[in-house]
Amino acid sequence: MRVQDRSREQADDSELADEALTEERVMLTNDTDFLRIAAQHAGKQERFATVFFGPQQQRSIGALVGSIIREVSRLRYPEACSQVFFL
């Protein structure tokens, strides 16, 4: 579900990341702020929602989704937490 679908376009990125962890969702983004947030949590040895980072317009949506499905199908959510996957 997109941030826009949740009417959370104006939400702070840290709030979105915290919500994703609480709801056991992953973040698919091209926003480098989420890389910074992940690094901050990792530096404090805190859990954070799984981040899938892919630069915009370099791959089709289908290719991105295929990459995500491959990764998440081999891991349960707790195992995928606190990781950043570069697509």
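None of the figures in this text is laboratory data; all of them are computed from the coordinates on show. The shown structure was predicted, so the numbers you read here are calculated from the model rather than taken from an experiment. No Cβ is skipped: glycine too gets one built from the backbone with ideal geometry, and neighbour counts run over all protein chains shown.
Miscellaneous remarks
- Using only side-chain charges placed at the Cβ, +1 for Lys and Arg and -1 for Asp and Glu, the dipole size of the chain relative to its Cα centre rounds to 420 debye.
- Phi-derived couplings, Karplus 6.51 cos²θ - 1.76 cosθ + 1.60 at θ = phi - 60°, listed residue by residue for region 62-74: x, 5, 4, 4, x, 5, 5, 4, 4, 5, 6, 6, 9 Hz, with x used for Gly and Pro.
- Working from label points 7 Å from Cα in the Cα-to-Cβ sense, the Val3 to Gln83 distance is 2.4 nm.
- Positive dipole terminus of region 4-86, leading residue within Leu64, Leu21, His41 (C-beta point charges): Leu64
- Taking Glu19, Glu24 and counting other C-beta atoms within 10 Å, the order from fewest to most: Glu24, Glu19
- Modelled spin labels at Arg70 and Gln58, positioned 7 Å past Cα toward Cβ, are 1.5 nm from each other.
- Among Ile37, Ile68, sorting on how many other beta-carbon atoms sit within 10 Å of each Cβ, with the fewest leading, yields Ile68, Ile37.
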